[in-house]
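Here is the structure we will look at.
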Amino acid sequence: MDKNAPQAIHLKDYAPPPYLIDTVDLAFDLGEDVTRVQSKLAMRSNPALAPASATGGGPLVLDGQDMRLVSVALDGRALDPSEYSVGPDSLTLPNPPADFILEIVTELRPQENTSLSGLYRTSGNFCTQCEAEGFRKITYFLDRPDVMARYRTTITADAMRYPVMLSNGNLVAASKMEADGRHTVSWEDPFAKPSYLFALVAGVLVHIEDTHVTKSGRTVALRIYVEPGNQDKCDHAMASLKKSMTWDEEVYGLEYDLDIFMIVAVGDFNMGAMENKGLNVFNTKYVLAKPETATDTDFLGVEAVVAHEYFHNWTGNRVTCRDWFQLSLKEGLTVFRDQEFSSDMHSRPVKRIADVQRLRAAQFPEDSGPMAHPIRPDSYIEINNFYTTTVYEKGAEVVRMIHTLLGADGFRKGMDLYFQRHDGQAVTCDDFVAAMADATSVDLGQFRRWYSQAGTPELDVTGAHDAAARTYRLTVRQSCPPTPGQPVKQPFHIPLALGLLDPSGADMPLRLAGEAAPAGTSRVLDVMEAEQVFDFVDVAEAPVPSLLRGFSAPVKLRFPHGVDDLTFLMANDSDAFNRWEAGQTLATRLMLDLVADRAAGRPLELSPGFIAAFGKILKDPTLDPAFAAQALTLPSEGYLGQQMPVIDVDGIHEVRAFCRRAIATALRDDLIATHRALGGNEPFAIDAAAIGRRSLKNLALGYLMALEESGREGTEAVELCVGQFHNAHAMTDVIAALGCLADTDLPQREVALRRFYDLWKDEPLVVDKWFSIQAMSERPGTLEEVKALLGHPAFEIRNPNKVYALIGGFAGGNPVRFHDIGGGGYRFLADQVLTLNALNPQVASRMVKMFARWRKYDPRRQALMRAELERIVQTPGLSRDVFEIASKSLEGA
Ligand code: B3K
Ligand code: ZN
């Protein structure tokens, strides 16, 4: 690699900061052309490093980027430029004293900041995003999470253009408009925090307001700020916030700690939201929701993200990360907390299935590809590339396993001890595990490997019943494939939850050899060795094992269940997750066989037994409709692809479509009956039952539309679909119908797309749906349409949501068109990556990740993707973000 290539940063090189910052006084003068930032830092050398001496702690290197340095003063004396040095990313003072006040003035141009990191503009307003390293684009600072300081922020700006001016903490002063038309406010945050939690917002905003009274009786003001015109879409976010506050008090005894909690929704935002202390900034996608504009998925997303950011106040803000390698300390834990919250608000099994599907769809591929990394990475080139599904979702699975091993009470004791020890500190994943272990005396020594080893462990399990001895022996073998930099792995500590079903379908009491009496019917085995044997006694008849109940560990488990056993588990398992899992395993097996049949030129036929099992679920009135909808959804094309050594893009697509048609043909009347029974415009509610009914209804519609090309039967489906599109009130139902139509060549398609746009052209989030539905259409001409849509007046390449909808929708949500063997999809994506690289490296890097799995395809597609990756890496001026992903994807090629 050439010497100018960006360099990696390693966990092993961590060193504490040589200086600390106690207080930060910021004064912003927001202007249309230039924004001026005055920063006054009370600093001292770090006493933890060396006994304080008059000479201080050696050179002070402050981080800073993309700004103009105006002046530096030390203890009130302006420094001559010869007394410091400024580099492209830093400001160095060679030898400051042990204790001093540093004053720095910088000038920025937020209106030119398209990276959406640091201080930038969105719809004419000012807004910040500082995690991970955006604060250094505002002022020179020790921009690292282990430097925690108390902040006071003063903002001055034109009172007409920026009537609302917000920052962290409590409002402590506000001026009237001055003669020059400007006004000033000051905010003070009493809690020490790292710079990544700093926030500032200024502009024309309206808000809705409510209050929450904490368990101990304090009243907290709650405000959600949005652009004028959006006030009618904030109620769900507010209700979600109040539920989150109550839940955290009840489940963890954690109360909010300031007098006010604010959320601001902005249209231009790289991610979902940001947990800045007291002033969360959100992507509008995770705030604005009303039934006419938002789908059920959107509503659930708002609730989960509002909860997630709120929960960060304790897991992230009060206790933060020592360094960015520890990111999962706050993210994995907070995702676990938001998942549990959503489970408590809705259906636990339905939520668990959705979370596991997401893990398998995104994290498993990451964990077996060129970007595989442990949940606590050892190195990175650009930290923004490590806000990954591994750090977040696998991180949450690791916390969930601790919860399983300790039990709910033990876990709560561990959390209490964690806060008792570390409130106000910046700590490590090891500190978290230590608190969990110390609070319960559970040995988590081997468990720690989950933090340092990447890759998805694989469990190969076999069972042997001895009728004479009345025993059942489970043999469990674990292995883990090599990942970059980790050719060999040590065994993991894997909690394996399981039950044994007797021939009637009931759970057997479980007694392991050596135990005096059975202990429950579902239990957790500690798998710790490469190979381990578990002997159950008193087992009269051969059981059907139900393994990895509730998905108790993020692993791939194989057991030689026959088709009959899987069907039996589908019908009888007391663990709802495993009932769903059995159906998915069966479907996966049958579909992969069909892919092989197709490749060998054999005719396709879907097993009638499988269709009958589907019919039974569809007609079972005792089933929760939401669960039924999940059980009747075939494994995705992406998931099927992961199961193949070489992904057969076209084969998988064709087989999945074939299976959907076969099921729809056989179950047509039942599907129509289901759609009728659940249809109609019932009054809108956003509870689990109503969401479930809508999802089953729309699942039925989707299957019926698979008949669209088959003559007369198809006509009725099309009528249902078009009727639903035009008459439904809830966006969930409208989008379901539009999504079906978008895959067809019917004349109604164009009519519907045009009508949808005309109705919703003033709602950017709804227009995003319109872009992504077209981008994900399986029609052969989709790439050309996507290219044309880049020029549509509603498309903006600088708006991340638009990019994710159109370009991301195509490359990530349309496998058969993106991977078209002509290579046009690949060329298109690479062109977009290069355009975005210059504007917004974080967004560009998310897009280039779509190439990372190129080695999983056939030689021709491999060559095409590799050529695009090489073209990207060779482009001058590449950001670290894109360089890291593209070069690691090519490593060894
Ligand atoms: N902590 C933020 C993510 C920041 C990403 C920076 N590139 C949102 C969250 O996880 O809650
Ligand atoms: Zn988070």
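Brief remarks follow.
- Residue match in segment 289-305 (condition: within 13 Å of ligand 1 (Cβ to nearest atom) and crowded, with 24+ Cβ neighbours inside 10 Å): no
- Out of Ile672, Ile652, one residue alone is in contact (Cβ under 8 Å) with a residue 12 or more places away in the chain and under 14 Å from Leu590 (Cα atoms). It is Ile652.
- Segment 650-673, subset of a type in the set (Val, Ile, Thr) and crowded, with 21+ Cβ neighbours inside 10 Å, residue farthest from Gly813 (Cα to Cα): Ile663
- Selection over segment 256-265 of residues that are surrounded by 24 or more Cβ atoms within 10 Å (Cβ to Cβ) and either of a type in the set (Val, Ile, Thr) or within 13 Å of ligand 2 (Cβ to nearest atom) (or both) gives a count of 2.
- Residue list for segment 384-436, restricted to those being in contact (Cβ under 8 Å) with a residue 24 or more places away in the chain and basic (Lys, Arg): Lys394, Arg400, Arg412, Lys413
- Matching helices (runs of 4 or more DSSP H) fully within segment 782-838 where at least 3 residues are surrounded by fewer than 16 Cβ atoms within 10 Å (Cβ to Cβ), within 26 Å of the chain's Cα centre (by Cα) and without any contact (Cβ under 8 Å) to a residue 12 or more places away in the chain: none
- Condition met for Ile155 (over 31 Å from the mean Cα position of the chain (by Cα), over 30 Å from Leu836 (Cβ atoms) and either within 16 Å of ligand 2 (Cβ to nearest atom) or not in a loop (DSSP other than H, G, I, E, B) (or both)): yes
- Taken over segment 429-442, residues that are of a type outside the set (Val, Ile, Thr) and touching a helix residue (DSSP H, G or I) at 6+ places or on another chain (Cβ under 7 Å) amount to 7.
- A count restricted to segment 373-403 and to residues that are of a type in the set (Gly, Ala, Ser) and either in contact with a Cys (Cβ under 6 Å, 6 or more places away or on another chain) or surrounded by 23 or more Cβ atoms within 10 Å (Cβ to Cβ) (or both) stands at 2.
- Test: Ser772 is crowded, with 20+ Cβ neighbours inside 10 Å, in contact with a helix residue (DSSP H, G or I) (Cβ under 7 Å, 6 or more places away or on another chain) and not in a helix (DSSP H, G or I): no
- Within segment 540-655, helices (runs of 4 or more DSSP H) holding 1 or more residues that are touching a Lys or Arg at 6+ places or on another chain (Cβ under 7 Å) and not acidic (Asp, Glu): 563-572, 576-599, 625-631, 637-642
- Just one of the listed residues (Gly316, Gly278, Gly253) is more than 13 Å from ligand 1 (Cβ to nearest atom) and either modelled with pLDDT under 95 or crowded, with 22+ Cβ neighbours inside 10 Å (or both), namely Gly278.
- Given (1) in contact (Cβ under 8 Å) with a residue 24 or more places away in the chain; (2) under 27 Å from Leu623 (Cβ atoms); (3) buried (at least 16 other Cβ atoms within 10 Å of the Cβ), index of the condition Asp687 fails: (3)
- Failed condition for Pro747, given (1) without any contact (Cβ under 8 Å) to a residue 24 or more places away in the chain; (2) surrounded by 18 or more Cβ atoms within 10 Å (Cβ to Cβ); (3) over 23 Å from Phe658 (Cβ atoms): (2)
The values are calculated or read from the model by the stated rules, or taken from the named source; none is laboratory data. The shown structure was predicted, so the numbers you read here are calculated from the model rather than taken from an experiment. Note: ideal-geometry Cβ built from the backbone for every residue, glycine included; neighbour counts use all protein chains shown.
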